[in-house]
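The values are calculated or read from the model by the stated rules, or taken from the named source; none is laboratory data. Source: prediction; values computed, not measured. FYI the Cβ positions are ideal-geometry reconstructions off the backbone, even for glycines, and counts take in every protein chain you see.
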């Protein structure tokens, strides 16, 4: 059992999850046996106003939610320069892992368990959608990221919706920036994929996708590339359940088809109505079904992990004076001024630097950004500054009621414009035409974005390779870039350690995938004390310690850096077919 790490008034035990925004630890308050999950924002995001605001927004929304099917947040705070959220700990697995385990065991997911889990998700969403604040005003919460990773299934049969980090709600400190597509592509609704106005029915569509995937063992819309997945969603292109499984229960199929209606007006009006139909269907499938049924199913599925000690006993050592760090705050005791103080953005080292007007990568895992040059970029900057001014007025208590209406309308309009550019498909391509500069045109009637704005989509096998446009790195595969003309031939280099670089030209508008050829390689294992340090090989981030890498034979520049900034560079030689280990002690 590792020694706990003191973090303010908490003791952090092992890290149980890590994502792009934060890391999650199993934790306990000092002097207490109450087990919690503590989400701590990554240190390298501390100067990113958006990440800090997202964390605060998640806590601000979640702390007001108290329902058996919604995760309960109990604390928000800051310890020195680390922001965190503490929430109830659920002994179980997320729905994605449950589905993966079923696939590993080559067992079909029992429909009755899929229906039970999704009914609980719908109940939790129905509560959140209808939640009012202390003044009796609707909070207008829309989760926007309903997906299997954000549903916890407890070994006791409890199901919880988690992660309101990008939820849309009235009174958020941070509004969605222009051109940002929030959420996981494969679980978006048609209006979300097209940049339209969202309400609670987008979550109902996402819930329908999960029910289909769980009960039928395949995703209704997923394609090789995320852009193709988005188009399938936009066009409502999927096989009805009875075509996948002729014996599929008709009562459950009816729920799926209604939840996945392309027009939101044709879906369930509330998640509660969806839950009602699912519970009736479950009664028909198994009249004796109970929470214990789900508990036995999940516990049996992970019996090996439970037997191995899924949650080891943790004994809290006595509190030591002078080690508590800076204060954290109970959310239920925060005034609006205190909340604004916690959420106040930190100064950015790059504030004031002009933004380069060049194609910006659309990361294919979670979020996408569209920024083009000229007038659109200026308009984007204006809205960004307007949002910051709005936040400042909220914190100062000088908010005019009209502010939120004007800002919301303008934000929706610009998001719709940016997403229209992202998904626009030109009707024709004229050969030999001069290559126009990337631009964005505001549609005033039936006119639309010029045909120049097409996607440059690049993937590789294996993925995770660095992509360079000319000499400039722009991201890793899979990736999409906008701001190119269909007539361009873009010089591209794709580089991944252990493989021969690919160099050539790629035509925008035509998804491209490079099959990389492996070089003679050897194995390099990198470990460090403490673990979790960033590993870079030849300037490229390769993961966190402990990690084993396959690298081409020859000399490589290795750099290991921990979260405090301590780092150590080394030169290492890898032999073909060989195995080597490099150990670092950074503290």
Q: Scan region 456-472 for residues that are modelled with pLDDT under 80 and part of a strand (DSSP E or B) and report the count.
A: 1
Q: Could you tell me whether any residue of region 268-276 is under 28 Å from the mean Cα position of the chain (by Cα), free of Cβ contacts under 8 Å to residues at least 60 places away in the same chain and closer than 12 Å to residue 205 by Cβ?
A: no
Q: Among the numbered conditions (1) closer than 18 Å to residue 476 by Cβ; (2) loosely packed, with under 14 Cβ neighbours inside 10 Å, tell me where residue 571 comes up short.
A: (1)
Q) Residues in region 134-141: is at least one in a helix (DSSP H, G or I) and on the phi < 0 side of the Ramachandran plot? A) no
Q. Looking only at region 182-199, which residues are surrounded by fewer than 22 Cβ atoms within 10 Å (Cβ to Cβ) and either closer than 20 Å to residue 275 by Cβ or modelled with pLDDT of 95 or more (or both)?
A. 199
Q. Restricting the first residue to region 136-150 and requiring it to be over 20 Å from residue 209 (Cβ atoms), which pairs with a second residue that is part of a strand (DSSP E or B) meet a Cβ separation below 7 Å and a spacing of at least six or different chains?
A. 138/132; 139/132
Q. Which members of region 507-541 meet the condition of being under 30 Å from residue 13 (Cα atoms), in a loop (DSSP other than H, G, I, E, B), free of Cβ contacts under 8 Å to residues at least 60 places away in the same chain and touching a strand residue (DSSP E or B) at 6+ places or on another chain (Cβ under 8 Å)?
A. 531, 533
**Q.** So residue 208, is it at pLDDT below 95 and touching a helix residue (DSSP H, G or I) at 6+ places or on another chain (Cβ under 6 Å)
**A.** no
Q.
If I go through region 510-550 residue by residue, how many of them are crowded, with 18+ Cβ neighbours inside 10 Å and at positive phi?
A. 0
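Yes/no per residue for (1) modelled with pLDDT under 90; (2) assigned to a loop (DSSP other than H, G, I, E, B); (3) crowded, with 23+ Cβ neighbours inside 10 Å:
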site: 16; (1), (2), (3): yes, no, no
site: 58; (1), (2), (3): yes, no, yes
site: 78; (1), (2), (3): yes, no, no
site: 90; (1), (2), (3): no, yes, no
site: 103; (1), (2), (3): yes, no, no
site: 112; (1), (2), (3): no, no, no
site: 119; (1), (2), (3): no, no, yes
site: 122; (1), (2), (3): no, no, yes
site: 126; (1), (2), (3): no, no, yes
Q) With respect to residue 33, is the statement that it is modelled with pLDDT under 85 and out of contact with any strand residue (DSSP E or B) (no Cβ under 9 Å at 6 or more places or on another chain) true? A) no
Q: Mind listing whichever residues of region 254-267 are part of a helix (DSSP H, G or I) and either under 25 Å from the mean Cα position of the chain (by Cα) or more than 17 Å from residue 220 (Cα to Cα) (or both)?
A: 256, 259, 264, 265, 266
Q.
For region 517-527, give me each residue that is closer than 30 Å to residue 583 by Cβ and at pLDDT below 90.
A. 518, 519, 520, 521, 522, 523
Q: Kindly provide the set of residues from region 223-235 that are touching a helix residue (DSSP H, G or I) at 6+ places or on another chain (Cβ under 7 Å) and assigned to a loop (DSSP other than H, G, I, E, B), ordered by number.
A: 223
Q. Being in contact with a strand residue (DSSP E or B) (Cβ under 8 Å, 6 or more places away or on another chain), surrounded by 12 or more Cβ atoms within 10 Å (Cβ to Cβ) and assigned by TED's automatic domain parsing to the domain that holds residue 146, is that true of even one residue in region 266-281?
A. no
Q: Answer yes or no as to whether residue 287 is at pLDDT below 95, farther than 25 Å from residue 142 by Cα and assigned by TED's automatic domain parsing to the domain that holds residue 146.
A: yes
Q: Being surrounded by 14 or more Cβ atoms within 10 Å (Cβ to Cβ) and not in a strand (DSSP E or B) is the filter here, so list the residues in region 551-568 that pass it.
A: 553, 562, 563, 566
Q.
Between 551, 558, which is under 29 Å from residue 481 (Cα atoms), without any contact (Cβ under 8 Å) to a residue 60 or more places away in the chain and not assigned by TED's automatic domain parsing to the domain that holds residue 473?
A. 551
Q: Filter region 473-506 for residues that are assigned to a loop (DSSP other than H, G, I, E, B), modelled with pLDDT of 85 or more and surrounded by fewer than 17 Cβ atoms within 10 Å (Cβ to Cβ) and give the result.
A: 489, 501
